[in-house]
1. So in the range 142-170, with the set limited to residues that are in a helix (DSSP H, G or I) and in contact with a helix residue (DSSP H, G or I) (Cβ under 6 Å, 6 or more places away or on another chain), which one is modelled with the lowest pLDDT?
2. Evaluate the following for Asp197: is it more than 16 Å from the ligand (Cβ to nearest atom), surrounded by fewer than 15 Cβ atoms within 10 Å (Cβ to Cβ), at pLDDT below 85 and closer than 28 Å to Gln3 by Cα?
3. Of the conditions (1) within 16 Å of the ligand (Cβ to nearest atom); (2) hydrophobic (A, V, I, L, M, F, W, C); (3) modelled with pLDDT under 90, Ala173 fails just one. Which one is it?
4. Restricting attention to the range 1-26, which residues are part of a strand (DSSP E or B), among the aliphatic types (A, V, I, L, M) and closer than 24 Å to Leu198 by Cα?
5. Please find, within the range 35-45, the residue that is farthest from Lys209 (Cα to Cα) out of those that are more than 6 Å from the ligand (Cβ to nearest atom) and either at pLDDT below 95 or surrounded by 23 or more Cβ atoms within 10 Å (Cβ to Cβ) (or both).
6. Given the conditions (1) crowded, with 16+ Cβ neighbours inside 10 Å; (2) at pLDDT below 95; (3) away from the ligand (no atom under 15 Å from the Cβ); (4) more than 26 Å from Leu198 (Cα to Cα), report the number of the one that Val29 does not fulfil.
7. Name every residue in the range 132-162 that is touching a Ser or Thr at 6+ places or on another chain (Cβ under 7 Å) and over 20 Å from Ser189 (Cα atoms), in order of residue number.
8. For the condition in contact with a Phe, Trp or Tyr (Cβ under 7 Å, 6 or more places away or on another chain) and of a type in the set (D, E, K, R), what is the one hit in Glu118, Glu128, Glu71?
Amino acid sequence: MIQIKGLFKAYGKMEAVRNLDLTIEEGTVFGFIGPNGAGKSTTMQILATLLKPTSGQAWVAGFDVVKEAAEVRKRIGYMPDFFGVYDNLTALEYLEFYGACYRLSQETCTQVGLELLELVNLLDKRDEQVDLLSRGMKQRLGLARALVHDPDLLILDEPASGLDPRARIEFRAILKELGQMGKTILISSHILPELGDLCDAIGVMEQGKLIAQGSVADITAQIQPGRVVKITLLNRMEEALKWLENQEEVEQVQSDKETLTVRLGGDEIVQAQLLSKLVGAGFTISQFAEAQVNIEDVFMNVIRSHVEVSENEVDSETIS
Ligand SMILES: Nc1ncnc2c1ncn2[C@@H]1O[C@H](COP(=O)(O)OP(=O)(O)OP(=O)(O)O)[C@@H](O)[C@H]1O
């Protein structure tokens, strides 16, 4: 659905996107994550045909975003990070207005408007003026607006920013539904833990470059090979700590009052073997489970390791 090759975008001397290559298959929910200024919005605006790249190419559904912009626009729904609403319209009139912009008949505009209000849980607000809606409701209305012409691809720039936790959960549930309907979704966010189970894949962007790409599990494995296991014992914690430190497959053990956190260099078989060895050594275990990966930690590790690699490259260039 999306193909990007060697994309560059500079604003004067500022290189916002640097040699970006990315392919996103149809039906994928792809999360773009990265710190402020990483180049996510710029990439999304190029895909939405609102900005021209300095060099490189991008295609949506096989159409070139520069040379075939009109074809691209028919197939995308774009929700910018900030958008205005026309205050003196009701929620339904607002969607009807956008339907008319896509040259839908009056009857179709109303029908589509009502269907979309239902999808984004705003049907009971159909006659409410848009400026009276809460921020979460406005964001859902913005999403409905992006769907008026039934696009195949949704490009959503930080749609959950500024929403309270409940509004975010509601928004995410709608995105899940859209994903299940087969829409391809490109979404950027700082709300990292929420992208994890929403997205089929994520791309981590930093200083205009894509520095990691894949499922959350893939990226975790790249950055943090092996696994982390949390172990709780009924007693003999100190003894268990020493015992674990002497096991070949154990790379690191940390202990707090109740739990031992063990980093293992191996797969699930190694994990299972460690459990049986512990039991065999006579320890009484009340809990033994792989630690849940926090996507925020993954993201920070990716960024950190990227920065370390870049600094090492600079150092070696300085030395030579
Ligand atoms: N119109 C512009 N003129 C000059 N510089 C710009 C312009 N738009 C963006 N930039 C710069 O390009 C870089 C990338 O910005 P961009 O908005 O694409 O990043 P982002 O990852 O979306 O960040 P954020 O999450 O803060 O929106 C930033 O350094 C930004 O200051």
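1. Here the residue is Ala167.
2. yes
3. It fails just one condition, (1).
4. Result: Ile2, Ile4, Leu20, Leu22, Ile24.
5. Met44
6. Val29 satisfies all of (1) crowded, with 16+ Cβ neighbours inside 10 Å; (2) at pLDDT below 95; (3) away from the ligand (no atom under 15 Å from the Cβ); (4) more than 26 Å from Leu198 (Cα to Cα) except (4).
7. Answer for the range 132-162, where residues must be touching a Ser or Thr at 6+ places or on another chain (Cβ under 7 Å) and over 20 Å from Ser189 (Cα atoms): just Asp152.
8. Step by step, each of Glu118, Glu128, Glu71 is checked, and only Glu71 is in contact with a Phe, Trp or Tyr (Cβ under 7 Å, 6 or more places away or on another chain) and of a type in the set (D, E, K, R).
The values are calculated or read from the model by the stated rules, or taken from the named source; none is laboratory data. Since the model is a prediction, treat every value here as computed from it, not as a measurement. Every residue, glycine among them, receives a Cβ derived from its backbone with ideal geometry; neighbour counts consider all protein chains shown.
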